[in-house]
Amino acid sequence: MDLARDAYVDGSWLAASKRFAVNDPFDGELVAEVADCDVATVERAIAAAGTAFLAWRKQPAPERGQLLAKVAVLMARDEARLAEICTRENGKALKESLAEVRYAASFIHWFAGEAERIYGETVPSSRGDGRITVLREPVGPCALITPWNFPYAMLTRKLGAALAVGCTVVCKPASQTPLSALALAQLCHEAGIPTGVVNVVTGTEHQRIGQQFFASKTIRKVSFTGSTRVGQDLMRQAAEDVKRLSLELGGNAPFVVLEDADVDAAVAGALVAKFRNSGQSCVAANRFILEAPIAEAFTQKFVAATAKLVVGRGLDPATDIGPVIDDKAVAKIRQLVEDALAKGARLLQGAVPASRAIAPIVIAGVTRDMAIWHEEVFGPVATLRIAKDQAEALEMANDTDAGLVAYVYTSNGTNQVRAAEALQAGMVGVNEGLVSTAQAPFGGVKQSGLGREGSRHGMDDYSNYKYVATKLV
Ligand code: NAP
C-alpha cells in the first residue's frame with residue numbers, strides 16, 4: 001500500500017528523527033512508522049499557515065471553491081485506496097471505511113459550493129447619514145485536532161469550512177490514525193491547494209503540540225473533536241489568549257422507542273445508530289429507552305438482529321463490525337459491562353468482552369446507579385431500560401450531561417413534535433438512526449460541545465463578522 005508517512009508542512013514532506021508505530025487494531029500488525037514531529041516542525045507548520053493566510057484569504061472565493069472541488073474529485077477517484085488505509089489503521093469494516101470516505105468527501109464538496117456564498121450584510125442605520133456594513137472575514141490560521149474514530153470525516157468537516165472561508169490550517173490527527181490525514185494532504189497537494197494552506201503535523205506528544213497551538217499568536221482558532229475531558233482542558237488553555245475554540249465532544253445518546261413506533265423501522269435504525277464503527281461513534285445510541293407496551297417486541301427483534309452481525313477483521317468483506325481501537329477500550333467496555341451486571345442488569349446478547357473483536361452486547365434492566373448509564377461506552381454495547389410512559393421516557397433520555405444527539409421512534413405526528421422539542425440535544429433523529437450529513441449543522445449542547453460543523457452554519461466558526469460604521473460627509 002502506498003502510504004505517506006512524513007509530516008506535510010509548507011507543501012513539503014518532512015521526515016523526523018523520531019517515528020512512531022501505527023498498528024492494525026485487529027491483530028497489532030505494524031502498518032507504518034510515521035514522523036513524530038518535534039517542536040521545530042510544529043512551529044514551521046504554524047509559520048507556513050501564517051504566511052499562506054495572507055494570500056489565501058485574498059484568493060477569490062470561487063477559486064478557493066474550485067480547488068476544494070478538485071480535492072473532492074480526487075477523493076472519489078481514490079476512494080478504494082483511501083478506504084483501505086482507514087481500515088488498516090482504524091480497524092473498521094471496509095464497507096464502513098468506504099462510506100466514510102464518501103461522507104468525508106461530501107463535506108469538501110459542500111464547502112466548495114458554500115465558498116461562493118459567504119455573504120456579508122448591509123443593515124439600515126438609525127441615522128440618515130449612517131451606513132452599516134457587516135463584512136465576513138476569515139478568522140486566520142487555524143489548528144484542527146481530530147480523533148481516530150472517523151479519521152477522514154472529522155477532518156474534512158473542519159478543513160472544508162476553514163478553507164472555504166479563507167483560513168489556512170495546521171492539522172493534528174490522532175496518533176492512532178495519522179495515515180488517513182496524510183493521504184488527504186497528498187490529495188490537497190495534487191489538487192493544487194497553495195503551499196502552506198494545508199499542513200499536517202503528526203505526533204504522539206499531543207499535549208505539547210496542543211500547547212504550541214494555544215501559545216502561538218499566529219493560530220487564531222483551535223477546532224477540536226474528541227473526548228469531553230480533553231475538550232475541557234483545551235478550553236482552559238484557550239482562555240489565556242482568548243482564542244476562538246470549537247469543540248465537538250462526547251455523546252451518550254438516548255434512543256427512545258415510544259409505544260406507537262414501527263418496531264421493524266426502530267430495529268433497523270437502532271442497528272445503524274448503535275453499531276456503526278463498532279459503537280465507537282460520538283452519535284452512537286447507547287441508552288435504549290423503551291415505552292413499556294412496546295418493550296418486549298422491540299427487545300426480541302433487536303436481539304435477534306444483533307446476533308446476525310459479523311465481527312471480524314475490517315479488510316474481510318463479510319465483516320460488519322471491526323475490532324475496537326485498542327486494549328484500553330476493551331478494558332473500559334469490560335469494566336462498564338461488569339459494573340452493570342454486578343448491579344443487577346441482565347445480559348441478553350454477547351458476553352463480557354475479552355478481546356478487541358467484540359460481538360454485539362445487549363444488556364437489559366439497566367438502572368441509573370450503573371456507570372454505563374452515565375458514561376459513554378464507546379463500544380458495541382446497547383443498554384435497555386423500560387419507561388412507564390412517554391413523559392418518563394423523555395425524562396430518562398435527558399438524564400445525562402451529554403447533549404449531542406437523541407433518537408426517537410414514534411408514528412404519531414404530535415409525539416414526534418413533542419419529543420423533538422423536549423429532547424436536550426443538538427440533533428434529533430425522528431424515525432431516523434443516521435443524522436450526520438454535510439447539509440445539516442452537526443454539534444451538541446451541554447457538555448457535548450460548542451459550535452456547529454457542516455451546513456452553511458459550519459462556516460460561522462471560521463468567520464469573524466466585522467462591522468463597518470460609515471458616516472456620510
Ligand atoms: P481524545 O483522546 O480526546 O483525542 C482526540 C484528539 O486530541 C487526538 O488527536 C489526540 O491526540 C488529541 N489530544 C489528546 N489529548 C490532548 C491534549 N491534552 N492536548 C491536545 N490534543 C490532545 O479522543 P479520542 O479518544 O481520540 O476520541 C473519542 C472521543 O471523541 C469520544 O468521546 C467521542 O464521542 C468524541 N467524538 C466527538 C465527535 C463530535 O463530533 N462531537 C466526533 C467524534 C468523536 P492523540 O491521538 O495523540 O492522543
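The values are calculated or read from the model by the stated rules, or taken from the named source; none is laboratory data. Note that the structure is a prediction, hence the values are computed from the model and not measured. Cβ coordinates were reconstructed from backbone atoms using ideal geometry, including for glycine residues, and neighbour counts include every protein chain displayed. For accessibility, only protein heavy atoms count, side chains too; no ligands or nucleic acids. Shrake-Rupley method; radii C 1.70, N 1.55, O 1.52, S 1.80 Å.
First check a/c for the range 389-445, with a ≥ b ≥ c the square roots of the eigenvalues of its C-alpha gyration tensor; if it is under 1.5, answer rounded, and if not, answer prolate when a/b is larger than b/c or oblate otherwise. Here the range 389-445 falls in the oblate category. Surface listing: E89, E84, E190 arranged by accessible area from highest to lowest gives E190, E84, E89, probe 1.4 Å.
For the chain, what is the calculated [θ] at 222 nm in deg cm²/dmol (nearest 500), taking -39500 (n - 2.57) for each run of four or more DSSP H residues and dividing by its residue count?
-12500 deg cm²/dmol
Computed about the Cα centre, the dipole magnitude for the range 253-436 is approximately 560 debye when only Lys and Arg (+1) and Asp and Glu (-1) carry charge, each at its Cβ.
I'd like the projected area of the range 341-473, averaged over all directions, using the convex hull of its alpha carbons. Report it in nm² with one decimal.
Details: hull surface 51.2 nm².
Average of the hull's projected areas for the range 341-473 equals 12.8 nm².
Each residue, A359 and A239, gets one label point 7 Å from its Cα in the Cβ direction; the gap between the two is 4.9 nm. For the range 253-436, the Kirkwood hydrodynamic radius from C-alpha pairs, put into Stokes-Einstein at 4 °C and a viscosity of 1.567 mPa s, yields a diffusion coefficient of 80 µm² per second.
Taking label points 7 Å from Cα along the Cα-to-Cβ direction, S411 and T367 give a separation of 3.5 nm. Taking 0.36 nm per residue of separation and subtracting the current Cα-Cα distance, fully stretching the chain between S227 and V134 would add 29.9 nm. Measuring how big the range 1-124 is from its alpha-carbon positions, Rg and Dmax come out at 18.2, 64 Å. Over the chain, accessible surface divided per residue gives 39 Å², non-protein components excluded, 1.4 Å probe. Given their separation in residues at 0.36 nm each and the Cα-Cα distance between them, D327 and R117 gain 71.0 nm when the chain is fully extended.
If each residue of separation counts as 0.36 nm, what is the full-extension length gain between V39 and H206 once their alpha-carbon separation is subtracted?
Working: separation 167, 0.36 × 167 = 60.12 nm, distance 1.14 nm.
Gain on stretching V39 to H206: 59.0 nm.
Between R334 and D399, the distance separating the two model label sites (each 7 Å from Cα on the Cα→Cβ line) works out to 2.9 nm.
Which net charge results for the neighbourhood of P353, defined as the other residues with beta-carbon distances under 13 angstrom from its beta-carbon, given Lys and Arg at +1 and Asp and Glu at -1? Write down the numbers at each step before the final one.
Details: positive: K328, K332, R334, R356; negative: D326, D327, E338.
Net charge around P353: +1.
Rounded to a whole number of µm²/s, how large is the Stokes-Einstein D of the chain at 4 °C and 1.567 mPa s, given Rh as the Kirkwood radius over C-alpha pairs? Show your work: numbers first, answer last.
Details: Rh = 23.0 Å.
Once the numbers are plugged in, D ends up at 56 µm²/s.
Accessible area of the range 266-405 with a 1.4 Å probe: how many percent of it is carbon plus sulfur? With neighbouring chains kept in place, the figure for the range 266-405 is 54 percent.
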